[in-house]
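Enquirer: What follows is a single structure, and I will ask about it in a moment.
The values are calculated or read from the model by the stated rules, or taken from the named source; none is laboratory data. From a predicted model like this one, the values you see are computed outputs, not experimental measurements. Positions of Cβ are backbone-derived with ideal geometry, glycine not excepted, and every protein chain shown enters the neighbour counts.
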Amino acid sequence: SQQGEEDPQALSIQEGENATMNCSYKTSINNLQWYRQNSGRGLVHLILIRSNEREKHSGRLRVTLDTSKKSSSLLITASRAADTASYFCATDEFYFGTGTSLTVIP
Amino acid sequence: NAGVTQTPKFQVLKTGQSMTLQCAQDMNHNSMYWYRQDPGMGLRLIYYSASEGTTDKGEVPNGYNVSRLNKREFSLRLESAAPSQTSVYFCASSPQTGGVDYGYTFGSGTRLTVV
């Protein structure tokens with residue numbers, strides 16, 4: 001399976017702190033994507049990074065990609081209670097990781 | 001609003017019953033997908049359709065069939081439901097399949113319980 005694996009499985013932080021979650025995958029990719037899922041809802045696309053990119057920013061999100069280590073990280077800066085959700089990485093070949101559950105405490 | 005629409009949102013089936021999950025997108029996307037989500041397992045691909053008229057198996061296709069009715073609609077059928085198919089099912093679409101710079105657009109899901 002080309003499934004990505006997120007780490008940690010769960011993360012709890014105070015509002016205003018930064019949250020970092022990591023993703024590892026198994027095979028070569030063309031791009032890697034991050035998604036957010038609020039409880040009981042569908043997944044929402046956050047950001048896509050191509051295999052020839054090392055870092056990408058979107059608002060409070062920063063994604064890095066290390067293809068040599070087959071890993072990616074998602075950094076959410078200045079977290080808010082509304083960021084409480086599960087976060088998943090996905091590769092371009094349809095496979096999703098198991099997710100990181102983020103809780104931001106007001 | 002443009003997006004992916006799934007019906008029904010909730011369903012309870014008895015073991016052995018059949019049902020079809022419906023999915024429609026209005027974004028003129030070529031590719032559509034069915035995933036199931038189980039606790040601790042992430043999302044697993046059941047079937048996908050790269051374009052109208054084609055379907056392919058994903059990671060967990062056993063017990064399911066699909067139909068790409070037209071460009072907009074992609075249905076998932078359970079012929080004889082089993083308790084192991086209790087899950088949340090998500091339909092998704094994208095302009096094209098993997099290898100290009102597009103993300104997926106997801107529906108809101110169907111929560112299926114098989115008793």
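Enquirer: Which residue out of B:S75, B:S108, B:S94, B:S18 is polar (S, T, N, Q), surrounded by fewer than 22 Cβ atoms within 10 Å (Cβ to Cβ) and within 10 Å of another protein chain (Cβ to nearest Cβ)?
Expert: Only one candidate passes the filter, namely B:S108.
Enquirer: Does B:R44 satisfy the condition of being surrounded by 15 or more Cβ atoms within 10 Å (Cβ to Cβ), of a type in the set (K, R), within 15 Å of the chain's Cα centre (by Cα) and at pLDDT 95 or above?
Expert: no
Enquirer: Still on this model: In the range B:62-72, which residues are of a type outside the set (K, R) and crowded, with 16+ Cβ neighbours inside 10 Å?
Expert: B:Y64, B:V66
Enquirer: Just to verify a result, which residue in the range A:3-19, among those that are polar (S, T, N, Q) and surrounded by fewer than 16 Cβ atoms within 10 Å (Cβ to Cβ), is nearest to A:I76 (Cα to Cα)?
Expert: Per the criteria, the residue is A:N18.
Enquirer: Let me ask something else. Could you list, in sequence order, all residues of the range A:4-57 that are at the interface with chain B (Cβ under 10 Å from one of its Cβ atoms), among the aliphatic types (A, V, I, L, M) and either under 14 Å from A:G97 (Cα atoms) or not in a strand (DSSP E or B) (or both)?
Expert: Within the range A:4-57, A:I29, A:L43 qualify.
Enquirer: If you take the residues in the range B:27-56 that are out of contact with any Ser or Thr (no Cβ under 8 Å at 6 or more places or on another chain) and charged (D, E, K, R), which one is nearest to B:T97 (Cα to Cα)?
Expert: So the residue we want is B:E52.
Yes/no matrix, rows are residues, columns are (1) of a type in the set (S, T, N, Q); (2) in contact (Cβ under 8 Å) with a residue 40 or more places away in the chain:
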{"residue": "B:E59", "(1), (2)": "no, no"}
{"residue": "B:K71", "(1), (2)": "no, yes"}
{"residue": "B:S75", "(1), (2)": "yes, yes"}
{"residue": "B:S84", "(1), (2)": "yes, no"}
{"residue": "B:A92", "(1), (2)": "no, yes"}
{"residue": "B:Y104", "(1), (2)": "no, yes"}
{"residue": "B:L112", "(1), (2)": "no, yes"}
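Enquirer: Moving on. Quick check on A:S72: is it of a type outside the set (D, E, K, R), in contact with a Cys (Cβ under 7 Å, 6 or more places away or on another chain), at negative phi and more than 11 Å from chain B (Cβ to nearest Cβ)?
Expert: Criteria met by A:S72.
Enquirer: A follow-up question, please. When A:S28 is evaluated against the numbered criteria (1) surrounded by fewer than 16 Cβ atoms within 10 Å (Cβ to Cβ); (2) closer than 24 Å to B:P39 by Cβ; (3) of a type in the set (S, T, Y), which criterion, by number, is the only one it fails?
Expert: Tallying (1) surrounded by fewer than 16 Cβ atoms within 10 Å (Cβ to Cβ); (2) closer than 24 Å to B:P39 by Cβ; (3) of a type in the set (S, T, Y), A:S28 fails exactly one: (2).
Enquirer: Still on this structure: Considering only the range B:57-83, state which residues are of a type in the set (D, E, K, R) and within 12 Å of the chain's Cα centre (by Cα).
Expert: Once the filter is applied, which keeps residues that are of a type in the set (D, E, K, R) and within 12 Å of the chain's Cα centre (by Cα), the range B:57-83 yields B:K57, B:R68, B:E73, B:R77.
Enquirer: If you don't mind, another one. Identify, from the list A:T103, A:T98, A:T67, the residue that is within 14 Å of another protein chain (Cβ to nearest Cβ) and either more than 15 Å from A:I13 (Cα to Cα) or in contact (Cβ under 8 Å) with a residue 40 or more places away in the chain (or both).
Expert: After applying the criteria, what remains is A:T98.
Enquirer: Select from the range B:41-72 the residues that are among the polar types (S, T, N, Q) and either within 14 Å of chain A (Cβ to nearest Cβ) or closer than 18 Å to A:G97 by Cα (or both) and list them in ascending order.
Expert: B:S49, B:T55 - these are the residues of the range B:41-72 that are among the polar types (S, T, N, Q) and either within 14 Å of chain A (Cβ to nearest Cβ) or closer than 18 Å to A:G97 by Cα (or both).
Enquirer: Cβ-Cβ below 6 Å, separation at least six or inter-chain, first residue in the range A:28-44 and of a type in the set (K, R), second modelled with pLDDT under 90: which pairs?
Expert: The qualifying pairs do not exist here.
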